[in-house]
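**Q** Structure below; questions to follow.
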Amino acid sequence: MTISEQPVKRRQDYDGTSPFPGAEEHAPARRAQVALTAAIVILPFVALGAMIVLAWGQGVALADLLLATAFYVVTGLGVTVGFHRLLTHGSFTARPWLRVALAIAGSMGFQGNVIDWVAVHRRHHAFTDEPGDPHSPYRYGTGLRGQLRGLAHAHLGWLFTDDQTPAERYAPDLLADPAMTRVMRAFPALCALSLALPFLAGWAITGTLYGGLTAFLWAGLIRVALLQHVTWSVNSLCHVIGSRPFKTRRHDRATNLWPLALLSFGESWHNGHHSDPTCARHGLDRGQIDPSGGMIRLFERLGWASDVRWPDADRVQRRRTVPLSRSRAPAGD
């Protein structure tokens, strides 16, 4: 029995500080899964080491940095706008072609196929920081040792465990969507494409195989590593470090962590998100940069998105732990 299938009674008995029931019972994933996950985690760092050697005394080519930025933005928004706000939470309705395009872009981020990603994230919201959460940093308790171990688990360790999240339970709508199932089956090919395109672009721009190789390393592997660790930091750091200006469910410790806001495209306003999960914008206060929310706004103005669930000023005010005065409260979108 996996933790996601344990009786509800065990979840209700959780006191918020103790290790989760069965915390030590995680079986390791199959060898093939462990090897593949390890390769995805380790190879980008090998690429970074190679680039340090190649760039020594020469610097980094501007074309490589521009390509890395472009691929980071496309695949990152595919995850945050597509996988997360659209497909997981239904924060807006997208035209069918945009829905597929976002699912493809997110798949090229090397974070798992679209249906499994959505299922895991919906399960995370169903059991946030309680028994059943697949990647809570509180799995091993709130003591120092347990917290450090929990952070490692939430950031990366959970990927190496055999704790399956059934898509039939958490993402039946996507399983019934022929377009999403096709994108799911194409995941390995999309990952290959995510690495091949930077190489081909670098080769085309420079006219040399060396240019293709450096683009492959920077805009391919290193870009993948940065996006993955930023996403994993939302799972780990954004439940331990930061502020909690908004009310969330019992035991839910999601935080706002401003230093990650730009790199995560607004996902690190995690407390704001957990206070109102279906809201299309996570940065709920003025000055909280949220590029994903801005992209959804652009889609809406172009007529590509509709039924967008923008923040409601009164609801935001009610959810505050310390309500702001009316003169300081942000206006709803």
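The values are calculated or read from the model by the stated rules, or taken from the named source; none is laboratory data. All of these numbers come straight from a predicted model, not from anything done at the bench. FYI the Cβ positions are ideal-geometry reconstructions off the backbone, even for glycines, and counts take in every protein chain you see.
**Q** Residues in segment 241-257: is at least one of a type outside the set (D, E), assigned to a helix (DSSP H, G or I) and at pLDDT 95 or above?
**A** No: zero hits.
**Q** Within segment 289-300, how many residues are crowded, with 21+ Cβ neighbours inside 10 Å, in a loop (DSSP other than H, G, I, E, B) and not charged (D, E, K, R)?
**A** 0
**Q** Shifting gears a bit: Return the residues of segment 1-23 that are part of a helix (DSSP H, G or I) and either in contact with a Pro (Cβ under 9 Å, 6 or more places away or on another chain) or modelled with pLDDT of 75 or more (or both); say none if nothing qualifies.
**A** Those that are part of a helix (DSSP H, G or I) and either in contact with a Pro (Cβ under 9 Å, 6 or more places away or on another chain) or modelled with pLDDT of 75 or more (or both): I3, S4, E5, R10, R11, A23.
**Q** Here is a further query. Any idea how many residues of segment 252-269 are over 16 Å from G76 (Cα atoms) and not hydroxyl-bearing (S, T, Y)?
**A** Total satisfying the criteria: 7.
**Q** Can you go through R286, R281 and tell me which one is part of a loop (DSSP other than H, G, I, E, B), of a type in the set (K, R) and touching a Phe, Trp or Tyr at 6+ places or on another chain (Cβ under 7 Å)?
**A** Residue meeting the stated conditions: R281.
**Q** Specify the residue that is nearest to V224 (Cα to Cα); the eligible residues are those in segment 249-278 that are buried (at least 20 other Cβ atoms within 10 Å of the Cβ), out of contact with any helix residue (DSSP H, G or I) (no Cβ under 7 Å at 6 or more places or on another chain) and not small (G, A, S).
**A** Of everything passing the filter in segment 249-278, W269 is nearest to V224 (Cα to Cα).
**Q** Have a look at G141, G106 and point out the one that is of a type outside the set (V, I, T), at positive phi and in contact (Cβ under 8 Å) with a residue 12 or more places away in the chain.
**A** G141
**Q** Next question. Out of L284, L263, which single residue is within 19 Å of F83 (Cβ to Cβ) and either among the hydrophobic types (A, V, I, L, M, F, W, C) or modelled with pLDDT under 95 (or both)?
**A** Result: L263 is the single residue among L284, L263 that is within 19 Å of F83 (Cβ to Cβ) and either among the hydrophobic types (A, V, I, L, M, F, W, C) or modelled with pLDDT under 95 (or both).
**Q** Here is a follow-up. What do you reckon, is L86 among the hydrophobic types (A, V, I, L, M, F, W, C), touching a strand residue (DSSP E or B) at 6+ places or on another chain (Cβ under 8 Å), at pLDDT 75 or above and in a helix (DSSP H, G or I)?
**A** yes
**Q** Being under 23 Å from L48 (Cα atoms), of a type outside the set (V, I, T) and not in a strand (DSSP E or B) is the requirement here; does W310 meet it?
**A** Against the criterion (under 23 Å from L48 (Cα atoms), of a type outside the set (V, I, T) and not in a strand (DSSP E or B)), W310 does not qualify.
**Q** Counting only residues that are in contact with a helix residue (DSSP H, G or I) (Cβ under 8 Å, 6 or more places away or on another chain) and either of a type in the set (S, T, Y) or not in a helix (DSSP H, G or I) (or both), which one in segment 192-229 is nearest to G106 (Cα to Cα)?
**A** Looking at the filtered set, the residue picked out is S194.
**Q** Find all pairs meeting these conditions: Cβ atoms under 9 angstrom apart; at least six residues apart or on different chains; first residue within segment 261-288 and on the phi > 0 side of the Ramachandran plot; second residue among the hydroxyl-bearing types (S, T, Y) and surrounded by 24 or more Cβ atoms within 10 Å (Cβ to Cβ).
**A** That search, which allows pairs on different chains as well, returns F265/T80; F265/S292; G266/T80; G266/S292.
**Q** Checking T75 against (1) assigned to a helix (DSSP H, G or I); (2) at pLDDT below 90, which single condition isn't satisfied?
**A** Evaluating T75 over (1) assigned to a helix (DSSP H, G or I); (2) at pLDDT below 90 leaves (2) as the failure.
**Q** Checking the condition free of Cβ contacts under 8 Å to residues at least 40 places away in the same chain, of a type outside the set (D, E, K, R) and either closer than 13 Å to L87 by Cα or not in a loop (DSSP other than H, G, I, E, B) (or both), which residue from L148, L174, L159 passes?
**A** L148
**Q** While we're here: Please work out which one of (1) at pLDDT 75 or above; (2) of a type outside the set (D, E); (3) surrounded by 11 or more Cβ atoms within 10 Å (Cβ to Cβ); (4) closer than 28 Å to R223 by Cα is the condition T93 fails and give its number.
**A** (4)
**Q** Please tell me if S306 is at pLDDT below 95, of a type outside the set (F, W, Y) and surrounded by fewer than 22 Cβ atoms within 10 Å (Cβ to Cβ).
**A** Considered against the rule, which asks whether it is at pLDDT below 95, of a type outside the set (F, W, Y) and surrounded by fewer than 22 Cβ atoms within 10 Å (Cβ to Cβ), S306 comes out as no.
**Q** Out of I40, I52, I need the residue that is modelled with pLDDT under 80, out of contact with any Leu (no Cβ under 6 Å at 6 or more places or on another chain) and surrounded by 15 or more Cβ atoms within 10 Å (Cβ to Cβ). Which one?
**A** Just a single option satisfies the conditions, and that option is I40.
**Q** I'm told D173 meets every condition in (1) under 24 Å from S292 (Cα atoms); (2) in contact with a helix residue (DSSP H, G or I) (Cβ under 8 Å, 6 or more places away or on another chain); (3) surrounded by fewer than 22 Cβ atoms within 10 Å (Cβ to Cβ) except one. Can you identify the failing condition by its number?
**A** (2)
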